[in-house]
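Below is one structure, written out as structure tokens; the observations come after it.
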Amino acid sequence: MGAESPNQVATSAGAVFLSYASQDAEAAQRICAALRSAGVKVWFDQSELRGGDAWDRQIRERIHDCRLFIPVISANTEVRDEGYFRHEWRLAVERTHHMSEKKPFLVPVVIDDTRERGASVPDKLHEVQWTRLPGGETPPEFVARVARLLSSESSTAPTPQRPVAVPSGGGPIPPTTGRALPLTRVLPVTIALLAAAVLAYLLVDKLWSSKRGVAAPPSASTEVTASPPRATPETAAFAPPPHSIAVLPFVNMSGDKKQEYFSDGLSEELLNSLSRINELQVAARTSSFYFKGKDVDLGTVARKLNVAAVLEGSVRKSSKKVRVTAQLVNAVTGFHLWSQTYDRDLGDVLELQTEIAEAVASALRISLLGGAAEKVELGGTRNPAAFDAYLRGLKLARGATASRECRAPVDAFSEAITRDPSYALAYASRALVRWDCATYYTSEWLQQAVASGVRADAGRAIELAPALSDGYVARSNLESGLLRFSAADEACTRALALAPSNEGALYYCSQLGAWLGRGEAAINLARRGVALDPLNPRSYRALGDALRAARRYDEAVAAYQASIAVDPEHANDAYTLRGWSYYLAGHLSEAQSSCEVIPDYVPSLVCQAVIYSKLGRRRDASTAMANAVREAGDGAAYQYAQIHTQWGERTAALDALERAMRLRDPGMIYLKLDPLLDPLRNEPRFKAIERELKFPN
């Protein structure tokens, strides 16, 4: 099955559903073209992405709503008893059992010498007349018959339109080399609208070829509101930046859900590879993957991500081979720009990424400076077992939200490194996940061996691939956690120079810059992160942090609110940070409510201890602090200093800060600009700690 052409309606009643075995695609396409040229609406799925809940829901809806069901019968349908077309046929037959009217619905066609008698088809197909269309060649008589059947449905049924010429390339009928994907939808249009769409395509193409720029997305230049970006109305102008693209998660066609890590990982690696091409603006991973498993049309995806093109596809992996089908769609016009199917050995996946990147660049009319291979393949591996382990590590790292879940991704990256000791990306990824887990979920930063291992991994990644930003991001993250801020700043500068659109670099470096006093620069980095990753809650959280450090509290509240709106179920930190921003802006009631949303979370308890004291509820404040100490121990020494400072207990606050300093608490990065510590800034002990931290200018 496959996507509709821009001049056809596939979702409304009155459409024809064309069902066929994949080997008969060429013949089926001839039938489709003949019907469409007469204005008949056809749902003709050319996708290999069959199977899965989204696909199943889609074909059920299509078969339920279609006016005629045309099964294409051949020797291929005889021998492929378990093909997806068989599932479609069963659904169509089931529909006939529930039809209250006896209007013609099943219109079987046979394209070879298969005989009706004894043919392996559902019994219901033996009860209706068959039509022979050898090779799919479709005479006017058959088209007229279909038109009559459709027009007899009711007075409101669509009638055949004046024949429309079918372009020979890239127009209404997608090329047979690539199969359209389930997410691809095109809005119903008349012939006049089709002409307008072609004109729009030419205008956009001309715009892309010109040297004039397009305005940056609103999120890159305006203040963030209290809610995340929403799809603009259909009537609103859609003018995404030129050469902007989103890579949707490729669909796993391996027949084994456990192999999904491979299709997801390959999609992510392709996305990362494309993001290294400076001429492209690539929507970041979290925002692109937001649509996974959702029945959303490409227009909505493009508008939410503010991109001009969308790349989507499927992956079928066996023990030694991989088949990747990919296609690029112009999100403004709905036209397919390029599609291709690749069959490769697993060891050739790195070259495959380069081929796809070059094809995408060519379709978007981008002249690659220095070629794609040196950028796309940077830090990668040609060892299939190492690549497989690395992709498993990525999947596991995404799901690590507690200390007990941190071991698995580290082990997977270690396996990748064992299989290919020159795998720079695996070293960088192991360094990042290990240090994040050490600082967010445990107190392992206190163990010298952990820091030494992370430092070695980051250094090895840089040594193997000096032009790869990921190694520098890992190094900066480590040095920041160890309170070596000049080294962290230097590594961040290098990471951003190498990859200005690296989502990790934008996130970590905006946070580092915010608390080192680089206010406007940090805010600009965070805004770029929001523009590239508008459906990622941490993008807005980073922006909120930069605004809070700049003491722009009302704006920070809006940014944290946007983070919560994107993902309210995993917004523990955003609720607390929004509470702090309310508190610092003088809105105590709102601050209390925000810090009580997740009441037993340690950062929430710290916030509650301060707010309750301000409200005169000293007993509640003391209880909140006691609970925080019980849960976090010395791991929250810096936060205890914040509490004591706001309670007016300067000596206790300075004691807590000195303890945090001895422990090398990563939270000490906030000290230079933390408004909660303002009452201590003239204290000699505070000044001594600040000098010891050696914040760069």
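Tabulated data
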read-out	value
Some residue of the range 109-118 being at pLDDT below 80 and under 44 Å from the mean Cα position of the chain (by Cα)	no
Residues satisfying the stated conditions in the range 642-676, i.e. within 19 Å of residue 695 (Cα to Cα) and buried (at least 22 other Cβ atoms within 10 Å of the Cβ)	657, 660, 665, 668, 669, 671
Test: residue in the range 494-508 that is in contact with a Phe, Trp or Tyr (Cβ under 6 Å, 6 or more places away or on another chain), buried (at least 23 other Cβ atoms within 10 Å of the Cβ) and in contact (Cβ under 8 Å) with a residue 24 or more places away in the chain	yes
Number of the condition not met by residue 687 [criteria: (1) surrounded by 15 or more Cβ atoms within 10 Å (Cβ to Cβ); (2) free of Cβ contacts under 8 Å to residues at least 60 places away in the same chain; (3) of a type in the set (Lys, Arg)]	(1)
Those residues of the range 525-557 which are over 23 Å from residue 492 (Cα atoms) and surrounded by 24 or more Cβ atoms within 10 Å (Cβ to Cβ), in sequence order	556, 557
Matching residues, the range 392-408, being hydrophobic (A, V, I, L, M, F, W, C) and either in contact with a Ser or Thr (Cβ under 9 Å, 6 or more places away or on another chain) or assigned by TED's automatic domain parsing to the domain that holds residue 356 (or both)	394, 397, 406
Residue list for the range 597-637, filter: loosely packed, with under 15 Cβ neighbours inside 10 Å and within 36 Å of the chain's Cα centre (by Cα)	599, 600, 631
Conditions (1) buried (at least 24 other Cβ atoms within 10 Å of the Cβ); (2) assigned by TED's automatic domain parsing to the domain that holds residue 387; (3) not basic (Lys, Arg): number failed by residue 487	(1)
Enumeration of residues in the range 558-575 that are under 15 Å from residue 542 (Cβ atoms), surrounded by fewer than 23 Cβ atoms within 10 Å (Cβ to Cβ) and out of contact with any Gly (no Cβ under 9 Å at 6 or more places or on another chain)	567, 571, 573
Residue 612 in a helix (DSSP H, G or I) and over 25 Å from residue 558 (Cβ atoms)	yes
Wholly enclosed helices (runs of 4 or more DSSP H) of the range 387-480 bearing at least 3 residues over 26 Å from the mean Cα position of the chain (by Cα)	407-419, 448-464
Test: residue in the range 409-428 that is of a type in the set (Phe, Trp, Tyr), over 21 Å from residue 390 (Cα atoms), surrounded by 20 or more Cβ atoms within 10 Å (Cβ to Cβ) and in contact (Cβ under 8 Å) with a residue 40 or more places away in the chain	no
Matching entry among 650, 659, 619, 664 (being free of Cβ contacts under 8 Å to residues at least 12 places away in the same chain and of a type outside the set (Ser, Thr, Tyr))	619
The range 437-453 residues that are assigned by TED's automatic domain parsing to the domain that holds residue 403, paired with ones that are surrounded by 20 or more Cβ atoms within 10 Å (Cβ to Cβ) and at pLDDT below 70 (beta carbon under 9 Å, 6 or more apart)	438/445; 439/445; 451/445
Flag if residue 613 is under 23 Å from residue 545 (Cβ atoms) and of a type in the set (S, T, N, Q)	no
Filter pass, residue 438 being within 25 Å of residue 632 (Cα to Cα), in contact with a Gly (Cβ under 8 Å, 6 or more places away or on another chain) and surrounded by 17 or more Cβ atoms within 10 Å (Cβ to Cβ)	yes
The one condition in (1) over 37 Å from the mean Cα position of the chain (by Cα); (2) assigned to a helix (DSSP H, G or I); (3) surrounded by fewer than 20 Cβ atoms within 10 Å (Cβ to Cβ) that residue 593 fails to fulfil	(1)
Odd one out for residue 282 among (1) touching a helix residue (DSSP H, G or I) at 6+ places or on another chain (Cβ under 7 Å); (2) over 16 Å from residue 354 (Cβ atoms); (3) modelled with pLDDT of 90 or more	(2)
Residue match in the range 274-284 (condition: surrounded by fewer than 21 Cβ atoms within 10 Å (Cβ to Cβ), under 26 Å from residue 379 (Cβ atoms) and basic (Lys, Arg))	no
Count - residues of the range 117-149 that are part of a helix (DSSP H, G or I) and within 24 Å of residue 91 (Cβ to Cβ)	10
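The values are calculated or read from the model by the stated rules, or taken from the named source; none is laboratory data. Only a predicted model underlies this, so the values are computations on that prediction, with no experimental measurement involved. Positions of Cβ are backbone-derived with ideal geometry, glycine not excepted, and every protein chain shown enters the neighbour counts.
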